[in-house]
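So the structure is just underneath, and the comments pick up after that.
What follows is calculated from the coordinates using simple rules that are stated; it is not laboratory data. Quick caveat: nothing in here was measured; it's all calculated off a predicted structure. Cβ sites come from the backbone with ideal geometry, for glycine too, and all protein chains shown count toward neighbours.
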Amino acid sequence: MDKKKITNQAHELVILQEIIPWHLIITRLVSYYNQKAGATGKSLRTMAALLIIARLRMMSDRVVVQQVKENRYIQYFCNVTDEDLETFVHPSSLCKFRKRLGDEGIAIIEEEIFIIFRDAGIISGDDALIDSSVLESNIIFPTDIQLIFKTFIKMAIFAKNNNIPLWWDDKNVEKLWRECNLDKKKTRLEWLKIFFDIFVSALKIFQEKVATLNVAEKQIDNANNLLDLLNLLKDQTSQKLDGQRHIKNRIVSLDDTDARPIKKGKKHPKCEFGTTEEFAFNRDGFLIVVENFIGKPHDAKLYPATIELYIERMKQCPNTVITDGGYRSQDNIKNKTPDEVKHLFMGRSTDVAEEKRDFCQRARSATEGFIAVAKNLRGFGKSMYHGLKGHRTWSLLCQTAYNIKKFLLLYFEDKIEEEPLIKLGLLS
């Protein structure tokens, strides 16, 4: 790695160590954390820092733990002493920590860091740039036959955990799966019918076994949840075999049940699988609002809540609101936009006065650029966690890293005025 790059990365961590309000974060996390069962365990200061640096440097749990052991500056940032390295956290502890905090706990970390930038005057709220995109799920491209085949894997895991012999011919299912992938004669619909018939009979017996299960309540709940999911897949596949092409709330993954097929009007890919993300930036490119939704709610319906959340986070109403035509509706223009908004641009040049037109059009173009950076460079392209709560956790961590990185870029390019730096304690 380039020596200059190493020096810059080290300088970044020294700056962040000074400006991040660790005391406020830890105080709030302790209060939140104590509501959960179990001991506190490792230092909250260290664990929170690990989550931040992992997303800031785009590292997995395993890699970030390894980097702490090898990089002195990351040790400094995470407040890890040499004595602690021998008994440092296992990568799985980070996963457990995130689950224990949940999206509400992760929101504390994001909010406190956002507040210091806002109160210092680095993030201004004069202009709101709003648009939506797709946060892809970490799943392979789904097919109906593949989903049915995976149900047998799920039921096999259930059988193994409960010491129950398999109640279907598993070898025959695997043999059919290989034949299906090699066969060029039968249509996909014919193969789906073959697998579906085996699945229906196996599901009926699975339902009986769940009803007579004599295990802990948590295991029964997990079994019932799986049963409900498989019944939904059964209904969905029946509709497919009946010739229906558009199935509402279609399941595309048995692991990420909140993922949905979403079309955003692009040539490639025409359809993405995940959750909808609502973004609101300011004109400088700081990310003010990120929200996650199952499926593809209409942009016009998301607009009022996004504006309210923007105002709540910035403690002011924007002078200018800029969106694309998808947010346009008479209700949004006349009733849902606060009176304090002086200029409202919703995809048409005639929405604003001529002297403001160029600014709004450039800002609209900039929004696409901000989203491209967020998706391709800051982790918003694909979520590594599952479920809506998992995607929300991923988005909050990425939002934290996005705003930190934006601040560091402006700082090293000397584009931040002295007064905000003095408030942050970086200048005396």
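Relative contact order for the stretch 144-241: what is it in percent, counting Cα pairs under 8 Å that are at least 6 residues apart?
On the way: 38 pairs, mean separation 37.2, N = 98.
Here the relative contact order equals 38 percent.
Using just its DSSP H runs of length 4 or more, each adding -39500 (n - 2.57), the chain gives a mean residue ellipticity at 222 nm of -19000 deg cm²/dmol after division by all residues.
A straight chain from residue 85 to residue 208 at 0.36 nm per residue would run longer than the Cα-Cα distance by 39.2 nm. In this structure the amide hydrogen of residue 289, modeled in the peptide plane, comes within under 5 Å of the amide hydrogens of 280, none closer than 5 places in sequence on its chain. Under the combined filter of DSSP loop state and at most 11 neighbouring Cβ atoms within 10 Å, the stretch 200-298 retains these trypsin sites (Lys or Arg not before Pro): 245, 248, 263, 266, 267, 270. Here's the list of aspartates and glutamates a cross-link from residue 415 could span, going by alpha-carbon distance under 19 Å and ignoring same-chain residues fewer than 8 apart: 12, 119, 126, 127, 284.
What's the magnitude of the charge dipole for the chain around its Cα centre, counting Lys and Arg as +1 and Asp and Glu as -1 at the beta-carbon? Answer in Debye, nearest 20. Don't skip to the end; give the middle numbers.
Details: 65 positive and 58 negative charges, 321 e Å.
With Lys and Arg at +1 and Asp and Glu at -1, about 1540 debye.
In order along the stretch 172-182, the phi-based Karplus estimate (6.51 cos²θ - 1.76 cosθ + 1.60, θ = phi - 60°) of 3J(HN,Hα) comes to 5, 5, 5, 5, 5, 4, 5, 4, 4, 6, 9 Hz; Gly and Pro are listed as x. Whole-Hz Karplus values for the stretch 203-219 come out as 5, 4, 5, 4, 4, 5, 5, 5, 5, 9, 5, 10, 9, 4, 4, 5, 5 Hz, taken residue by residue from phi with 6.51 cos²θ - 1.76 cosθ + 1.60 and θ = phi - 60°; glycine and proline positions read x.
Just want the ordering: 373, 64, from fewest to most Cβ atoms lying within 10 Å of their own Cβ. Write out the running numbers ahead of the final one.
Details: 373 16, 64 25.
Going from sparsest to densest Cβ surroundings: 373, 64.
For the pair residue 244 and residue 312, label points projected 7 Å from Cα toward Cβ lie 3.5 nm apart.
Toward the positive end of the charge dipole of the chain, with +1 on the Cβ of Lys and Arg and -1 on the Cβ of Asp and Glu, the farthest Cα among 16, 215, 295 is that of 215. When the distances between all Cα atoms of the stretch 144-241 are binned every 5 Å from zero, what whole-number percent does each bin get? With 5 Å bins starting at 0, P(r) equals 2, 12, 25, 22, 17, 11, 6, 3, 1, 0.
Measuring gaps between exposed loop sites in the chain (GluC sites (Glu not before Pro); DSSP loop; at most 11 other Cβ atoms within 10 Å), the longest gap, sites not included, is 87-339.
Summarising the amide proton neighbourhood of residue 138: residues at separation of 5 or more, or on other chains, whose placed amide H is nearer than 5 Å comprise 383.
Can you sort 15, 288 so the residue with the fewest Cβ neighbours within 10 Å comes first? Working shown, then result.
On the way: 15 17, 288 24.
The order, fewest Cβ neighbours first, is 15, 288.
For the stretch 361-419, trypsin sites (Lys or Arg not before Pro) are listed when DSSP marks them as loop and at most 15 other Cβ atoms sit within 10 Å of their Cβ; the list is 415. Residue-wise HN-Hα couplings along the stretch 121-135, as the Karplus relation 6.51 cos²θ - 1.76 cosθ + 1.60 with θ = phi - 60° gives them from phi, are x, 6, 9, 9, x, 5, 10, 10, 10, 10, 6, 10, 8, 10, 9 Hz; Gly and Pro carry x.
What is the sum of charges around residue 305, taking Lys and Arg as +1, Asp and Glu as -1, for the other residues whose C-beta is under 10 Å from the C-beta of residue 305?
On the way: positive: 301, 336; negative: 278, 291, 308.
It works out to a net charge of -1.
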